[in-house]
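Since every read-out is calculated from the coordinates, none of them should be taken as a lab result. All of these numbers come straight from a predicted model, not from anything done at the bench. Quick reminder, even Gly has a Cβ in these numbers, built from the backbone with ideal geometry, and neighbours come from all protein chains shown.
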């Protein structure tokens, strides 16, 4: 046989199986694509019930967040906090958080958002909606971020109607996790230790939460709307100098930022929001590579299927599937451990609010007696620092667990700064012959609210009018627009602290 | 004739190169767990591992391949790879993947390797407890007869993690 004939036969012999194998691989790839395909959810679909048609288990567990429905009145538990926030809406109404399901409901019901009568009234800017709904990224896309942050809260009452849901964290085309809030991307890049572009999937399992569970402020930003100058209040995370309370305080002080002027002590105050992600990052679980979802959205079994629970809540509800995945021990041991951590935090937090409330009241007395700004300034600086630290430590309700040492350190510093302020104030008081001044104590939140001059009866009455009129119209209009499923609010019971 | 032979020989080489590309053959030299989900039957095993405490300490190859020598590691990898490609091509893998006795031995060696401080006493005294002698593994009994969750969980059929969007290779 000729050499070339042998080559031809051999070539054909190897090509046939190679061809078949290539075909088989392609077929497998096509099959894989079918398996991995996700159902089409239209752009801008914000109704959880629509996404839930394709993801019944995730949807059902998400809807169970409505079981977290108790109102925990923080002001009632510690009336000193009313004094701490005198002159700020938080002194009227401040509750512990409820389930994601109630995000819109509680935002609308709180006395802090006031009682608007139309789209252009009320005390708050639209920024208050930012973290409450998947309708927010939808409106960002439609109106632009700057327009969204301009005007009054009530202007979007009939647009922002679905509580925190699927579209806040998932891409509707791929179902991959996604950051839908630009403020987080900007802040991560400014802080620098984890740039948005470098985030892995495991990072994303925390970052979707960090879109909201972070410290933020409303940055006044001027912008140009087709020649017209407008002022927006843009949600901004103060991360440029780092994640600690000291870093953020330095950031705020660097340009004299103030959230509110205290009604009693006239101190330019900072209000911490909820630095959950920042405090978590300093704790041992973050250092070991855990993400929020690892403990707050445990892996569940149902029949032959595993899925992540979307009933985001306390891991203590499901210790077997959270703590015990990595740790050894019993449920009782873990519950006790966490309760002890909470008790330690509560002990110092109570001391901090008592000290800082006294400082405010003593400062008020000093002002009454005619103290000068120059005399008061050093004490005011301590009050500002002290209250910022206390607030930073407690505002993210889980921080006592996420970073116990960091939180106790911060509270200890809050108490120290508060006592420093009181020492300085005592000298001022002595100068005005009031060295023995005893600040009053308040046993109830009502007594404290009366002292700082809030007309609660009027506030509540106006709010109730709003709840029975404009609030109802908002949901009706949203339903007509086809962006709201009324089944979502079926059997909703009005629960408030007032 | 000569030209036809040359052409066919070149075509065969080209086809081989294409096959290497299509099958991502070279990627299997890596030890990145994502490589193991190039084929979808491994997706559930990847997802369950990703939700386990082992994810920070041990990757797929840390448990499933031997570590005594590079040669043995590569030999085991090629043998597994060959078996997996046959199973994939002829679709013989079934709804639940099971390890072979050979793989069980390697895995158990690795369990012991990492947890040796914990199990050294058991190793030394394994004789009296060796009730269900299983010649394929050290100590005569597979660790996961009791530790059934570790690390993939008890439910790991091929459709168990259908809505897991951790990593998908398309």
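Some notes on this structure:
- In terms of surrounding Cβ atoms within a 10 Å radius of their Cβ, A:239, A:390 rank from fewest to most as A:239, A:390.
- Computed from Cα positions, the angle between helix A:404-431 and the longest principal axis of chain A comes to roughly 20 degrees.
- Compactness of the stretch A:304-420 as Cα Rg over 2.2 N^0.38 Å, two decimals: 1.50
- Per-peptide average of other Cβ atoms within 10 Å, ordering A:313-326, A:36-49 highest first: A:313-326, A:36-49
- Principal-axis tilt of helix A:373-395 within chain A, Cα atoms, nearest 10 degrees: 40
- Kirkwood analysis of the Cα pair distances in the stretch B:19-170 returns a hydrodynamic radius of 16.8 Å.
- For residues of A:55-61, the mean tally of beta carbons on other chains within 10 Å: 1
- Rg followed by Dmax, in Å, when the stretch A:430-498 is reduced to its Cα trace: 21.6, 67
- Counting only alpha carbon atoms, the long axis of helix A:456-468 and the longest principal axis of chain A meet at about 30°.
- Rounded, prolate or oblate (a/c below 1.5 giving rounded, otherwise prolate when a/b exceeds b/c) for the stretch A:1-95 by Cα gyration tensor: prolate
- Chain A - mean residue ellipticity at 222 nm from DSSP helices (-39,500 (n - 2.57) per run, n ≥ 4, rounded to 500): -15500 deg cm²/dmol
- Prolate/oblate/rounded call for the stretch A:117-256, Cα gyration tensor, a/c under 1.5 rounded: oblate
- Inter-chain shielding of A:28-41 (mean C-beta neighbours from other protein chains, 10 Å cut-off): 4
- Likely footprinting exposure, A:474, A:85, fewest C-beta neighbours within 10 Å first: A:474, A:85
- Per residue, the convex hull spanned by the Cα atoms of the protein assembly as shown amounts to 221 cubic angstrom.
- By the helix-only formula, in which each DSSP H run with n ≥ 4 contributes -39500 (n - 2.57) and the sum is divided by residues, chain B has a 222 nm mean residue ellipticity of -15000 deg cm²/dmol.
- Peptide B:156-162 has a mean shielding of 4, counted as Cβ atoms of other protein chains within 10 Å of each residue's Cβ.
- Residue exposure proxy: B:112, A:164, A:383, ordered by other Cβ atoms within 10 angstrom of their Cβ from fewest to most, comes out as B:112, A:164, A:383.
- Max mean-square fluctuation residue, GNM over chain B, Cα-Cα springs under 10 Å, options B:38, B:100, B:89: B:89
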